[in-house]
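Some notes on the structure that comes next.
The values are calculated or read from the model by the stated rules, or taken from the named source; none is laboratory data. None of the values given here were measured: they were computed from a predicted structure. Because the Cβ atoms are built from the backbone with ideal geometry, glycine has one as well, and the counts that use them run over all protein chains shown.
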Amino acid sequence: MRKYTALLLLAALSLASCGDDDPVVVVEPLNKLTKISCYEENNNSLLYSASVSYNVDGSIASIDFTGDTRRSFIYSDNKILLTVAQTGFKEAEYTLSDGRITRQENYKENSLASNEIYMSDAYDYQYTGNDLSAIGWTTRWPQEGGQGYEERVYPLSDIFTWENGNVVRYTRDKEEMTYTYGSLVNPENFTLRPIASFDLLSFDFVSPLNLLFGTTNRNLPERAYSYSVTEPSQYKSEYIFTYTFVSDYILEMKVVKQDEAGTRNTYLYKFEYDYKVN
């Protein structure tokens, strides 16, 4: 946040040296992220693109994915409903507390019971202070013949370990992902964060919703490395990150992924910022 920090310092010096009648320097927040595109560099193909629009208060209004699939966000009290705009189907419901997502419920159609809608998965997000520290997971599926549902509960399915303002380890069952960081500071408007997944190429890794899961990392990750807890010397995947900055804005992120078979692929993310915060 080099530019942002400099502006804050300038504002502080201006206020300290000026009289009561002098103008006050106002530091505007960074523009919001409005488009994310991910390309596979090896064959120059677009994996996905997502365009984000916002309401006048800065909340997410919709996300349009490649192939004209729009996800709309409907707000009611402390709930956010995520729906497919073309059909009105409710895919997910988020519960917020103090501006943070504390619960997520995903929905599916039950083809065994007259296509009724049911909650397939629920995630309870647990925080230590403002840091996301653990997730409880409940999964449900229809019984054969459509006679009710079966359910399994994992009170601590995902655990995040924080050090110096960054997530350094993500653990789920017998697999872990560790993250290492450099000196680059994570811009306040940049949505990348370690998530409950070992696939760091998914849209969830850079989704604007990530800003609603408490504290974001202080620094940008340089490397991520997944491995078996029982055999930590045997890695399953490795990711190396590099970034292209213009001022405080990350315009590109390159990710090199290598899997356990030794296959290496390079992916390029492009980010656009068009929405001005009032």
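Quick notes on this structure:
- Taking the criterion of being over 18 Å from residue 72 (Cα atoms), in contact (Cβ under 8 Å) with a residue 60 or more places away in the chain and of a type in the set (Ser, Thr, Tyr), the residues of the stretch 30-47 that qualify are 37, 39.
- Consider the stretch 104-141 and keep the residues that are of a type in the set (S, T, N, Q) and touching an Asp or Glu at 6+ places or on another chain (Cβ under 7 Å). The one that is nearest to residue 91 (Cα to Cα) is 106.
- When the stretch 246-263 is limited to residues that are assigned to a strand (DSSP E or B) and out of contact with any Asp or Glu (no Cβ under 9 Å at 6 or more places or on another chain), the one that is surrounded by the fewest Cβ atoms within 10 Å (Cβ to Cβ) turns out to be 246.
- Restricted to the stretch 201-217, and to residues there that are of a type in the set (Val, Ile, Thr) and either touching a residue at least 40 places away in the same chain (Cβ under 8 Å) or closer than 20 Å to residue 254 by Cβ (or both), the residue that is surrounded by the fewest Cβ atoms within 10 Å (Cβ to Cβ) is 215.
- None of 271, 190, 198 is in contact with a strand residue (DSSP E or B) (Cβ under 7 Å, 6 or more places away or on another chain), surrounded by 15 or more Cβ atoms within 10 Å (Cβ to Cβ), modelled with pLDDT under 90 and within 23 Å of residue 46 (Cα to Cα) except 198.
- Residues that are among the hydrophobic types (A, V, I, L, M, F, W, C) and in a strand (DSSP E or B), drawn from the stretch 162-212: 162, 167, 168, 177, 184, 185
- Residue match in the stretch 226-233 (condition: at pLDDT 95 or above and surrounded by 19 or more Cβ atoms within 10 Å (Cβ to Cβ)): no
- The residue list 156, 192 contains one member that is aliphatic (A, V, I, L, M) and either under 30 Å from residue 58 (Cα atoms) or touching a Pro at 6+ places or on another chain (Cβ under 6 Å) (or both), which is 192.
- Meets criteria (loosely packed, with under 14 Cβ neighbours inside 10 Å, modelled with pLDDT under 95 and in contact with a Leu (Cβ under 7 Å, 6 or more places away or on another chain)) for residue 146: yes
- Just so you know, in the stretch 81-115 the residues that are touching a residue at least 40 places away in the same chain (Cβ under 8 Å) and either touching a Lys or Arg at 6+ places or on another chain (Cβ under 8 Å) or of a type in the set (Val, Ile, Thr) (or both) include one that is surrounded by the fewest Cβ atoms within 10 Å (Cβ to Cβ), and it is 96.
- Residue list for the stretch 15-40, restricted to those being modelled with pLDDT of 65 or more, surrounded by 12 or more Cβ atoms within 10 Å (Cβ to Cβ) and within 22 Å of residue 248 (Cα to Cα): 29, 30, 31, 32, 33, 34, 35, 36, 37, 38
- Residue within the stretch 233-245 that is more than 27 Å from residue 82 (Cβ to Cβ) and outside any strand (DSSP E or B) present: yes
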